[in-house]
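One structure is given here, and the rest of the page talks about it.
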Amino acid sequence: MTALRSTQPTPELTASVEDYLKVIFELESGDGSRNAVAGTNEIAAALGIAAPSVSGMIRRMAEHGLITHERYRGVRLTDAGRRAALRTIRRHRVIEAYLTTALGYPWDRVHAEAERLEHAASDELIDRMAAAIGEPATDPHGAPIPTREGLLDAPSLPTLADAEPGTRVRVERVGDRDPQRLRYLAELGILPGTEVEVVSREPFDGPITLQVGSAQHAIGPALAREILVAPVEPE
C-alpha cells in the first residue's frame, strides 16, 4: 500500500504539460513510488508523438521545476510535478466515475470524454461531482481516485496472468485506454469486483481458461496482463 500526499497549491498548467505529467507518473510505476524512471521513448510512445518533440518539452518542464532529467537515464517527477500529476489524475478519474454513475455512460466511453474534460474542469467542480456521487474511491475501471487533499492509496497488485491454475481471484482494475477491449471484457463479465477462477493455463504463453460465474472463457496472456487482481481466500 502506497500513500502519496500533496497539500501545497499547484499552479495552472497547460493541457499538454498536464498530459506529460500524468504519463510520467504512470511510467514511474503507476503506484507513485520513485523506483523507476520514465524514458523519453516511453513518454513519446504513451503520448503518440515523436521523440524529438518530447525532448524539447522535457527541457522546458525541467526548467520550471516539474521534473528532473538525467541524460541517458530518464525523467522523474519533482514534488511539484507529482502534486500536479495527482491533481490531473483526480480530475480524470472523478469525471469518469461521474459520467458512469450520474449520466449512465458505458465504461468503454468515459476515458476519451475524461481526456477532453480534465483540463477544463475546475477543482471546485470536480469536488462537487465527487460529492454528488458519494465520494467514490475508484473510477469505473477500478483505478484509485486521489482525494482532494492529494492522498492516493495505490497497492501493488499482480496481474491475472500471474495467477496459478486452481486459484480464485477478484478483479480489481483493468486498463482503460482501449474501448474495444473494455467492451469485450464486459461481454465476458470480467469487471472490477468480479471473482474468477483460473482453470488452466497453456504453456508457451498460451491461452488462460477462466471460470466466470457459470461460464468458461479463454483469454490471451496479453489481455490477462492488463487485468490487476487480488487473491480470494478459500472459504
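How about the range 62-140: which helices (runs of 4 or more DSSP H) wholly inside it have at least 3 residues that are hydroxyl-bearing (Ser, Thr, Tyr)?
In the range 62-140, the matching helices (runs of 4 or more DSSP H) lie at 79-101.
Looking at this structure, is Arg71 surrounded by fewer than 23 Cβ atoms within 10 Å (Cβ to Cβ) and in contact (Cβ under 8 Å) with a residue 40 or more places away in the chain?
no
Select from the range 120-161 the residues that are on the phi > 0 side of the Ramachandran plot and in contact with a helix residue (DSSP H, G or I) (Cβ under 7 Å, 6 or more places away or on another chain) and list them in ascending order.
Selection gives Gly150 alone.
Given the options Gly39, Gly48, Gly56, Gly74, name the one that is small (Gly, Ala, Ser) and within 29 Å of Ile126 (Cα to Cα).
Only one candidate qualifies: Gly48.
Conditions (1) modelled with pLDDT of 95 or more; (2) of a type in the set (A, V, I, L, M); (3) touching a strand residue (DSSP E or B) at 6+ places or on another chain (Cβ under 8 Å); (4) under 30 Å from Ala114 (Cβ atoms), marked per residue:
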position: Val174; (1), (2), (3), (4): yes, yes, yes, yes
position: Gln180; (1), (2), (3), (4): yes, no, no, yes
position: Pro192; (1), (2), (3), (4): yes, no, yes, yes
position: Val199; (1), (2), (3), (4): yes, yes, yes, no
position: Phe204; (1), (2), (3), (4): no, no, no, no
position: Val212; (1), (2), (3), (4): yes, yes, yes, yes
position: Gly220; (1), (2), (3), (4): yes, no, yes, yes
position: Ala230; (1), (2), (3), (4): yes, yes, yes, yes
position: Glu233; (1), (2), (3), (4): no, no, no, no
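Count, please, the residues in the range 153-177 that happen to be farther than 22 Å from Thr209 by Cβ and among the charged types (D, E, K, R).
The qualifying residues number 3.
Which numbered condition trips up Leu125, out of (1) free of Cβ contacts under 8 Å to residues at least 60 places away in the same chain; (2) surrounded by fewer than 17 Cβ atoms within 10 Å (Cβ to Cβ); (3) within 19 Å of Ala85 (Cα to Cα); (4) under 18 Å from the mean Cα position of the chain (by Cα)?
If we test Leu125 against (1) free of Cβ contacts under 8 Å to residues at least 60 places away in the same chain; (2) surrounded by fewer than 17 Cβ atoms within 10 Å (Cβ to Cβ); (3) within 19 Å of Ala85 (Cα to Cα); (4) under 18 Å from the mean Cα position of the chain (by Cα), just (4) comes out false.
One line per residue, one yes/no per condition, for (1) small (Gly, Ala, Ser); (2) in a strand (DSSP E or B):
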site: Arg173; (1), (2): no, yes
site: Gln180; (1), (2): no, no
site: Pro192; (1), (2): no, no
site: Val199; (1), (2): no, yes
site: Asp205; (1), (2): no, no
site: Leu210; (1), (2): no, yes
site: Ala218; (1), (2): yes, yes
site: Leu223; (1), (2): no, no
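Picking from Gly142, Gly150, which residue would you name as being closer than 30 Å to Thr209 by Cα and surrounded by 14 or more Cβ atoms within 10 Å (Cβ to Cβ)?
Gly142
Identify all residues within the range 185-210 that are exposed (fewer than 15 other Cβ atoms within 10 Å of the Cβ), over 16 Å from Gly142 (Cβ atoms) and of a type outside the set (A, V, I, L, M, F, W, C); write none if there are none.
Passing the criteria: Glu187, Ser200, Glu202, Pro203, Asp205, Gly206.
Can you tell me which residues in the range 18-50 are at pLDDT 95 or above and either part of a loop (DSSP other than H, G, I, E, B) or among the hydroxyl-bearing types (Ser, Thr, Tyr) (or both)?
Within the range 18-50, just Tyr20 meets the criteria.
Among what's in the range 82-111 and is polar (S, T, N, Q) and under 18 Å from Arg148 (Cβ atoms), pick the residue that is nearest to the chain's Cα centre (by Cα).
Checked the range 82-111; the qualifying residue nearest to the chain's Cα centre (by Cα) is Thr88.
The values are calculated or read from the model by the stated rules, or taken from the named source; none is laboratory data. The structure presented is a predicted model; accordingly, all values stated were derived computationally and were not measured. No Cβ is skipped: glycine too gets one built from the backbone with ideal geometry, and neighbour counts run over all protein chains shown.
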